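*Asks:* Here it is, the structure, as structure tokens.
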Amino acid sequence: MRYLDPKADLTFKKVFGEHPDVVRSFLNALLPLPADAEIEEIEYLPAELVPVTPLRKNSIVDVRCKDQLGRQFLVEMQMLWSPEFKQRVLFNASKAYVRQLDVKENYKLLQPVYSLNLVNEIFEPELPEYYHHYKVLHVEHSDRVIEGIQLVFVELPKFTPHTLAEKRMQVLWLRFLTEVNEKTLQVPQELLAEPEIQKAVDVLEESGFTPAQLQGYDDFWDAVRVERTIRESAEERGYAEGMAKGIEEGMAKGIEEGMAKGIEEGMAKGIEEGMA
């Protein structure tokens, strides 16, 4: 049995964008929802919030849905990190929040918007946690919160399943995202024991995709590799140019300071000898 990687654009949308019971379990496990307010029913909404641009995944929300309370959920899988990604996530979540009301409707009708973002790169190297939760709160009194928009970022490369005792389903779903791929020969039994994860695994079987879909799947990974190569080359070129400029400026400054110091010492010595 050959499985596809769930992090690809095609597979991620197929797993979480076509099976309400699967995405419901996933959201309940990953989002900071109150214990007495878990999602019971899910209704899918149109995914795209802004037009598609040449940057492809930099403008598309993979999954957009709402629950029985009217709360909206945006889910996105991001393969490559960029500093602008946080602002784009906030933009999409804010747009979803604002679009809930018509012109004459009351603000009391507004429901929370949760944005869940899975990132396949480390973007907070100085922080040990893989889970980052943002919301609007009082700076001095963090218990005072303005409800409305909450953002969650998960750094998948940092995730390691230490124990199942705490947040068990979160651990299992993150294991699904990080452990199942083309190299998987046998899916761990603890994942298959959960009906929703079992269903998600079944969706990833290669036999369930058409030749055209499989070609699109391969093209997606080619595009990711190309984009990563371009970015790394730019970073290396920028580093090399920065080093060269730093050395040049350092030498010029060193010569200038050396001459100034030489003149100063020469004048001091000349005065001293003249006085003698």
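*Asks:* Scan region 191-200 and tell me whether some residue there is closer than 22 Å to Leu33 by Cβ, open to solvent by less than 70 Å² (accessible area, probe 1.4 Å), assigned to a helix (DSSP H, G or I) and touching a strand residue (DSSP E or B) at 6+ places or on another chain (Cβ under 7 Å).
*Replies:* no
*Asks:* May I pose another question? Hey, can you tell me all the residues within region 199-216 that are closer than 16 Å to Glu18 by Cβ and polar (S, T, N, Q)?
*Replies:* Thr210, Gln213
Residue by residue, here is whether (1) surrounded by fewer than 17 Cβ atoms within 10 Å (Cβ to Cβ); (2) among the polar types (S, T, N, Q); (3) at pLDDT below 95 holds:
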| site | (1), (2), (3) |
| --- | --- |
| Pro83 | yes, no, yes |
| Arg88 | no, no, yes |
| Lys95 | yes, no, yes |
| Val98 | yes, no, yes |
| Leu109 | yes, no, yes |
| Val113 | no, no, no |
| Leu116 | no, no, no |
| Val119 | no, no, no |
| Pro128 | yes, no, yes |
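*Asks:* I've got another one for you. So, in region 261-276, exactly how many residues are more than 60 Å from the chain's Cα centre (by Cα), surrounded by 10 or more Cβ atoms within 10 Å (Cβ to Cβ) and at pLDDT 70 or above?
*Replies:* Selection size over region 261-276: 4.
*Asks:* Would a scan of region 125-145 turn up a residue that is part of a helix (DSSP H, G or I) and within 27 Å of Asn92 (Cβ to Cβ)?
*Replies:* First pass over region 125-145, keeping only residues part of a helix (DSSP H, G or I): none.
Checked against the condition, which is being part of a helix (DSSP H, G or I) and within 27 Å of Asn92 (Cβ to Cβ), region 125-145 yields no hits at all.
The values are calculated or read from the model by the stated rules, or taken from the named source; none is laboratory data. Only a predicted model underlies this, so the values are computations on that prediction, with no experimental measurement involved. With ideal geometry, Cβ positions are generated from the backbone for all residues, glycine too; neighbour counts draw on all protein chains shown. All accessible areas refer to the heavy atoms of the entire protein, side chains included, with ligands and DNA or RNA removed. Shrake-Rupley method; radii C 1.70, N 1.55, O 1.52, S 1.80 Å.
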